[in-house]
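In what follows, a structure is listed as C-alpha coordinates, so that the remarks can point back to it.
The values are calculated or read from the model by the stated rules, or taken from the named source; none is laboratory data. This is a predicted model, so every value here is computed, not measured. With ideal geometry, Cβ positions are generated from the backbone for all residues, glycine too; neighbour counts draw on all protein chains shown. To get the accessible areas, we keep the full protein, side chains included, count just its heavy atoms, and leave off ligands, DNA and RNA. Shrake-Rupley method; radii C 1.70, N 1.55, O 1.52, S 1.80 Å.
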Amino acid sequence: MEPVRSFCKDSLAVRIYADRTAMGAAAARDGAALLRRLLAQQDTVRAVFAAAPSQNEFLEALCAAPDIDWKRVTAFHMDEYVGLDAAAPQGFGNFLRARVFDRLPFGQVCYLNGNAPDIEAECSRYAGLLAQAPIDIVFMGIGETGHIAFNDPPVAEFDDPAAVKVVALDEVCRNQQVHDGCFADIGQVPTHALTLTVPTLAGAKHHLCIVPAPTKAKAVRDTLEGPVSTACPASILRTCPGAVLYLERESAQLLTEV
(Lines give C-alpha, C1' and ligand atoms only; values in the text may rest on other atoms or scores of the structure.)
Protein backbone atom coordinates (compact mmCIF):
# COMPACT_ATOMS: atom_id res chain seq x y z
CA MET A 1 0.00 0.00 0.00
CA GLU A 2 3.01 2.28 -0.31
CA PRO A 3 2.99 4.76 -3.21
CA VAL A 4 5.21 4.17 -6.20
CA ARG A 5 5.88 7.92 -6.27
CA SER A 6 5.17 10.88 -4.00
CA PHE A 7 5.70 14.60 -4.44
CA CYS A 8 4.12 17.94 -3.53
CA LYS A 9 2.68 20.63 -5.74
CA ASP A 10 2.28 23.83 -3.73
CA SER A 11 0.24 22.78 -0.65
CA LEU A 12 -1.05 19.57 -2.24
CA ALA A 13 0.63 16.23 -1.49
CA VAL A 14 0.44 13.77 -4.39
CA ARG A 15 0.71 10.00 -3.94
CA ILE A 16 0.67 7.64 -6.90
CA TYR A 17 -0.15 3.93 -6.41
CA ALA A 18 0.23 0.88 -8.60
CA ASP A 19 -3.50 0.35 -9.13
CA ARG A 20 -7.00 1.36 -8.01
CA THR A 21 -7.16 -1.17 -5.21
CA ALA A 22 -3.92 0.02 -3.62
CA MET A 23 -4.95 3.65 -4.08
CA GLY A 24 -8.36 3.15 -2.46
CA ALA A 25 -6.91 1.15 0.42
CA ALA A 26 -4.27 3.79 1.11
CA ALA A 27 -6.81 6.62 1.06
CA ALA A 28 -9.11 4.66 3.40
CA ARG A 29 -6.23 3.89 5.76
CA ASP A 30 -5.31 7.58 5.91
CA GLY A 31 -8.93 8.69 6.15
CA ALA A 32 -9.62 6.27 8.99
CA ALA A 33 -6.51 7.44 10.84
CA LEU A 34 -7.59 11.06 10.40
CA LEU A 35 -11.09 10.29 11.68
CA ARG A 36 -9.69 8.55 14.76
CA ARG A 37 -7.32 11.44 15.47
CA LEU A 38 -10.05 14.08 15.14
CA LEU A 39 -12.49 12.06 17.27
CA ALA A 40 -9.84 11.87 19.98
CA GLN A 41 -9.59 15.67 19.93
CA GLN A 42 -13.22 16.80 19.57
CA ASP A 43 -16.73 15.63 20.31
CA THR A 44 -17.91 15.24 16.71
CA VAL A 45 -16.55 15.20 13.17
CA ARG A 46 -18.34 16.59 10.11
CA ALA A 47 -17.42 14.98 6.79
CA VAL A 48 -18.50 15.52 3.18
CA PHE A 49 -18.52 12.56 0.78
CA ALA A 50 -18.37 12.42 -3.01
CA ALA A 51 -20.64 10.00 -4.85
CA ALA A 52 -19.04 8.44 -7.92
CA PRO A 53 -17.74 5.06 -9.10
CA SER A 54 -14.24 6.51 -8.72
CA GLN A 55 -14.77 6.34 -4.96
CA ASN A 56 -15.82 2.67 -4.82
CA GLU A 57 -12.52 1.15 -3.70
CA PHE A 58 -12.01 3.87 -1.13
CA LEU A 59 -15.52 3.62 0.32
CA GLU A 60 -15.39 -0.16 0.52
CA ALA A 61 -12.09 -0.07 2.41
CA LEU A 62 -13.28 2.74 4.68
CA CYS A 63 -16.36 0.74 5.68
CA ALA A 64 -14.04 -2.04 6.84
CA ALA A 65 -11.80 0.23 8.90
CA PRO A 66 -11.91 -0.63 12.62
CA ASP A 67 -12.17 1.52 15.74
CA ILE A 68 -14.02 4.54 14.35
CA ASP A 69 -16.85 5.90 16.49
CA TRP A 70 -19.18 6.61 13.59
CA LYS A 71 -21.95 7.67 15.98
CA ARG A 72 -20.01 10.90 16.47
CA VAL A 73 -19.68 11.57 12.74
CA THR A 74 -22.11 13.75 10.78
CA ALA A 75 -22.10 13.09 7.03
CA PHE A 76 -23.00 15.29 4.07
CA HIS A 77 -22.86 14.68 0.34
CA MET A 78 -21.54 17.28 -2.04
CA ASP A 79 -24.05 17.25 -4.89
CA GLU A 80 -27.36 15.88 -6.16
CA TYR A 81 -29.26 15.84 -9.43
CA VAL A 82 -32.32 18.04 -9.82
CA GLY A 83 -35.48 16.25 -10.90
CA LEU A 84 -34.19 12.67 -10.93
CA ASP A 85 -36.63 10.08 -9.60
CA ALA A 86 -36.17 9.90 -5.84
CA ALA A 87 -35.61 6.13 -5.97
CA ALA A 88 -33.13 6.18 -8.87
CA PRO A 89 -29.86 4.44 -7.97
CA GLN A 90 -27.97 7.15 -9.86
CA GLY A 91 -29.03 9.69 -7.25
CA PHE A 92 -25.97 10.64 -5.24
CA GLY A 93 -27.71 10.32 -1.91
CA ASN A 94 -28.86 6.83 -2.94
CA PHE A 95 -25.37 5.93 -4.18
CA LEU A 96 -23.84 6.87 -0.83
CA ARG A 97 -26.68 5.34 1.15
CA ALA A 98 -25.98 1.96 -0.45
CA ARG A 99 -22.19 2.14 -0.21
CA VAL A 100 -21.57 3.82 3.12
CA PHE A 101 -24.39 5.72 4.86
CA ASP A 102 -26.57 2.67 5.55
CA ARG A 103 -23.58 0.45 6.30
CA LEU A 104 -22.15 2.49 9.17
CA PRO A 105 -23.86 3.89 12.28
CA PHE A 106 -23.44 7.60 11.54
CA GLY A 107 -24.70 9.98 14.17
CA GLN A 108 -26.43 11.98 11.42
CA VAL A 109 -26.62 11.93 7.63
CA CYS A 110 -27.76 15.14 5.95
CA TYR A 111 -29.23 14.55 2.50
CA LEU A 112 -29.65 17.04 -0.33
CA ASN A 113 -33.11 16.86 -1.92
CA GLY A 114 -33.00 17.39 -5.66
CA ASN A 115 -36.79 17.07 -5.80
CA ALA A 116 -37.60 19.77 -3.27
CA PRO A 117 -40.56 21.91 -4.40
CA ASP A 118 -38.45 25.05 -3.92
CA ILE A 119 -34.89 24.32 -5.06
CA GLU A 120 -33.51 27.68 -3.92
CA ALA A 121 -34.99 27.10 -0.47
CA GLU A 122 -33.32 23.67 -0.46
CA CYS A 123 -29.98 25.31 -1.18
CA SER A 124 -30.53 27.65 1.77
CA ARG A 125 -31.60 24.79 4.04
CA TYR A 126 -28.50 22.74 3.27
CA ALA A 127 -26.24 25.77 3.53
CA GLY A 128 -27.66 26.34 7.00
CA LEU A 129 -26.78 22.80 8.03
CA LEU A 130 -23.25 23.19 6.69
CA ALA A 131 -22.82 26.50 8.52
CA GLN A 132 -23.65 25.06 11.95
CA ALA A 133 -20.01 24.10 12.51
CA PRO A 134 -16.81 23.81 10.47
CA ILE A 135 -16.43 20.98 7.97
CA ASP A 136 -13.59 18.77 9.13
CA ILE A 137 -13.00 16.49 6.13
CA VAL A 138 -13.94 16.37 2.46
CA PHE A 139 -13.58 12.97 0.79
CA MET A 140 -13.69 13.86 -2.89
CA GLY A 141 -12.75 13.15 -6.49
CA ILE A 142 -12.02 15.14 -9.64
CA GLY A 143 -14.25 15.07 -12.70
CA GLU A 144 -13.21 14.83 -16.34
CA THR A 145 -13.52 18.62 -16.77
CA GLY A 146 -11.46 19.21 -13.63
CA HIS A 147 -14.67 19.84 -11.74
CA ILE A 148 -15.10 19.27 -8.02
CA ALA A 149 -18.62 18.36 -7.01
CA PHE A 150 -20.61 19.90 -9.89
CA ASN A 151 -18.50 23.03 -10.13
CA ASP A 152 -17.71 22.73 -13.84
CA PRO A 153 -15.41 25.39 -15.35
CA PRO A 154 -18.30 27.48 -16.74
CA VAL A 155 -19.95 27.84 -13.32
CA ALA A 156 -17.09 27.46 -10.84
CA GLU A 157 -16.26 30.52 -8.74
CA PHE A 158 -13.37 30.56 -6.28
CA ASP A 159 -15.07 33.46 -4.44
CA ASP A 160 -18.63 32.17 -4.80
CA PRO A 161 -20.86 33.94 -2.25
CA ALA A 162 -23.18 30.94 -2.05
CA ALA A 163 -22.48 27.78 -0.05
CA VAL A 164 -24.84 25.63 -2.13
CA LYS A 165 -26.26 26.47 -5.55
CA VAL A 166 -28.12 25.12 -8.59
CA VAL A 167 -25.97 24.64 -11.69
CA ALA A 168 -26.47 23.64 -15.31
CA LEU A 169 -24.30 20.65 -16.20
CA ASP A 170 -22.12 20.99 -19.29
CA GLU A 171 -21.98 18.27 -21.93
CA VAL A 172 -18.57 16.89 -20.91
CA CYS A 173 -19.72 16.52 -17.33
CA ARG A 174 -22.96 14.83 -18.39
CA ASN A 175 -21.07 12.48 -20.70
CA GLN A 176 -18.84 11.49 -17.79
CA GLN A 177 -21.91 10.01 -16.12
CA VAL A 178 -22.34 7.81 -19.21
CA HIS A 179 -18.63 6.89 -19.28
CA ASP A 180 -18.90 5.89 -15.61
CA GLY A 181 -21.75 3.51 -16.47
CA CYS A 182 -24.32 5.41 -14.42
CA PHE A 183 -26.60 6.15 -17.39
CA ALA A 184 -27.07 4.41 -20.74
CA ASP A 185 -26.89 7.63 -22.77
CA ILE A 186 -26.62 11.36 -22.27
CA GLY A 187 -30.33 11.84 -22.83
CA GLN A 188 -30.97 10.15 -19.49
CA VAL A 189 -28.57 12.40 -17.56
CA PRO A 190 -30.25 15.32 -15.78
CA THR A 191 -29.32 18.78 -17.01
CA HIS A 192 -29.16 20.48 -13.60
CA ALA A 193 -27.86 19.68 -10.15
CA LEU A 194 -27.37 21.05 -6.66
CA THR A 195 -23.75 21.44 -5.62
CA LEU A 196 -21.65 22.62 -2.75
CA THR A 197 -19.59 25.50 -4.12
CA VAL A 198 -15.82 25.72 -4.42
CA PRO A 199 -15.34 27.87 -1.28
CA THR A 200 -17.51 25.49 0.74
CA LEU A 201 -15.36 22.54 -0.29
CA ALA A 202 -12.02 24.32 -0.15
CA GLY A 203 -12.82 25.75 3.28
CA ALA A 204 -12.78 22.34 4.98
CA LYS A 205 -9.92 21.55 7.35
CA HIS A 206 -8.79 18.40 5.52
CA HIS A 207 -9.10 17.10 1.95
CA LEU A 208 -8.56 13.55 0.70
CA CYS A 209 -9.03 13.44 -3.08
CA ILE A 210 -9.20 10.01 -4.74
CA VAL A 211 -8.85 9.97 -8.53
CA PRO A 212 -8.46 6.75 -10.57
CA ALA A 213 -8.87 5.92 -14.28
CA PRO A 214 -7.29 7.06 -17.55
CA THR A 215 -10.34 9.23 -18.31
CA LYS A 216 -9.19 11.54 -15.50
CA ALA A 217 -5.56 11.83 -16.67
CA LYS A 218 -5.99 15.18 -18.43
CA ALA A 219 -7.88 16.66 -15.48
CA VAL A 220 -5.14 15.45 -13.13
CA ARG A 221 -2.46 17.02 -15.33
CA ASP A 222 -4.36 20.31 -15.48
CA THR A 223 -4.89 20.25 -11.71
CA LEU A 224 -1.19 19.85 -11.01
CA GLU A 225 0.59 21.43 -13.95
CA GLY A 226 -1.73 24.21 -15.08
CA PRO A 227 -2.53 27.48 -13.34
CA VAL A 228 -4.69 27.67 -10.24
CA SER A 229 -7.80 28.77 -12.07
CA THR A 230 -11.48 28.05 -12.56
CA ALA A 231 -10.49 26.65 -15.96
CA CYS A 232 -9.67 23.60 -13.83
CA PRO A 233 -11.61 24.00 -10.57
CA ALA A 234 -9.71 21.15 -8.86
CA SER A 235 -6.55 23.25 -9.03
CA ILE A 236 -7.86 25.06 -5.92
CA LEU A 237 -6.63 22.03 -3.96
CA ARG A 238 -3.09 23.32 -4.42
CA THR A 239 -4.00 26.13 -2.02
CA CYS A 240 -5.45 23.83 0.68
CA PRO A 241 -2.93 23.08 3.44
CA GLY A 242 -2.55 19.37 4.11
CA ALA A 243 -4.65 18.24 1.14
CA VAL A 244 -3.70 14.86 -0.33
CA LEU A 245 -4.33 13.66 -3.90
CA TYR A 246 -4.41 9.87 -4.37
CA LEU A 247 -3.73 8.66 -7.91
CA GLU A 248 -2.93 5.40 -9.64
CA ARG A 249 -0.73 4.81 -12.68
CA GLU A 250 -3.46 5.37 -15.26
CA SER A 251 -4.82 8.61 -13.83
CA ALA A 252 -1.22 9.88 -13.43
CA GLN A 253 -0.03 8.87 -16.89
CA LEU A 254 0.09 12.38 -18.38
CA LEU A 255 2.08 13.99 -15.58
CA THR A 256 5.50 15.18 -16.66
CA GLU A 257 6.88 14.43 -13.18
CA VAL A 258 6.06 10.70 -13.46
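Evaluation of residue 207 against the conditions (1) assigned to a strand (DSSP E or B); (2) out of contact with any strand residue (DSSP E or B) (no Cβ under 9 Å at 6 or more places or on another chain) shows that the sole unmet condition is (2). Put simply, of 84, 104 the only residue that is within 27 Å of residue 1 (Cα to Cα) and of a type in the set (A, V, I, L, M) is 104.
Of all residue pairs spaced 6 or more apart or on separate chains, those with beta-carbon atoms under 7 Å, a first member in the stretch 32-61 that is under 24 Å from residue 234 (Cα atoms) and without any contact (Cβ under 8 Å) to a residue 40 or more places away in the chain and a second member that is open to solvent by less than 30 Å² (accessible area, probe 1.4 Å) and among the β-branched types (Val, Ile, Thr) are 32/68.
Annotation note: Cβ proximity below 6 Å between a residue of the stretch 1-27 that is free of Cβ contacts under 8 Å to residues at least 40 places away in the same chain and a residue that is aromatic (Phe, Trp, Tyr) (sequence gap 6+ or interchain) occurs for 3/17.
One residue stands out in the stretch 137-155 among those that are among the hydrophobic types (A, V, I, L, M, F, W, C) and in a strand (DSSP E or B): the one that is nearest to residue 226 (Cα to Cα), namely 148.
Give the residue that is farthest from residue 139 (Cα to Cα), with candidates limited to residues of the stretch 14-43 that are in contact with a strand residue (DSSP E or B) (Cβ under 8 Å, 6 or more places away or on another chain) and either among the acidic types (Asp, Glu) or surrounded by fewer than 14 Cβ atoms within 10 Å (Cβ to Cβ) (or both). Only one residue tops the list, namely 18.
Of everything listed in (1) free of Cβ contacts under 8 Å to residues at least 40 places away in the same chain; (2) closer than 19 Å to residue 204 by Cα, the single unmet condition for residue 246 is (1). On the stretch given as the stretch 207-254, residues that are within 15 Å of the chain's Cα centre (by Cα) and basic (Lys, Arg) total 1.
The residues of the stretch 156-174 that are buried (at least 18 other Cβ atoms within 10 Å of the Cβ) and in a helix (DSSP H, G or I), listed by number, are 173, 174.
Scanning the stretch 128-155 for residues that are closer than 13 Å to residue 195 by Cα, in contact (Cβ under 8 Å) with a residue 40 or more places away in the chain and over 15 Å from the mean Cα position of the chain (by Cα) yields a count of 1. Only residues that are touching a helix residue (DSSP H, G or I) at 6+ places or on another chain (Cβ under 9 Å) and acidic (Asp, Glu) were counted across the stretch 20-46, and they come to 1. If you go through the stretch 24-52 one residue at a time, how many are closer than 21 Å to residue 198 by Cβ and part of a loop (DSSP other than H, G, I, E, B)? Final tally of qualifying residues: 3. Taking the listed residues 227, 212, the one that is buried (at least 22 other Cβ atoms within 10 Å of the Cβ) and more than 30 Å from residue 132 (Cα to Cα) is 212, with no other qualifying. The single residue among 184, 121 that is without any contact (Cβ under 8 Å) to a residue 40 or more places away in the chain, open to solvent by 20 Å² or more (accessible area, probe 1.4 Å), among the small types (Gly, Ala, Ser) and assigned to a loop (DSSP other than H, G, I, E, B) turns out to be 184.
In the stretch 94-118, the residue that is least open to solvent (accessible area, probe 1.4 Å) out of those that are closer than 19 Å to residue 38 by Cβ and either of a type outside the set (A, V, I, L, M, F, W, C) or touching a residue at least 60 places away in the same chain (Cβ under 8 Å) (or both) is 107. Here is the figure for the stretch 75-126: residues that are more than 16 Å from the chain's Cα centre (by Cα), small (Gly, Ala, Ser) and under 21 Å from residue 189 (Cα atoms) total 7.
The C-beta contact set for the stretch 209-229 (first residue farther than 16 Å from residue 16 by Cβ, second residue small (Gly, Ala, Ser) and in a helix (DSSP H, G or I), distance under 8 angstrom, 6+ apart or interchain) comprises 222/234; 222/235; 226/235; 227/235; 228/235; 229/235.
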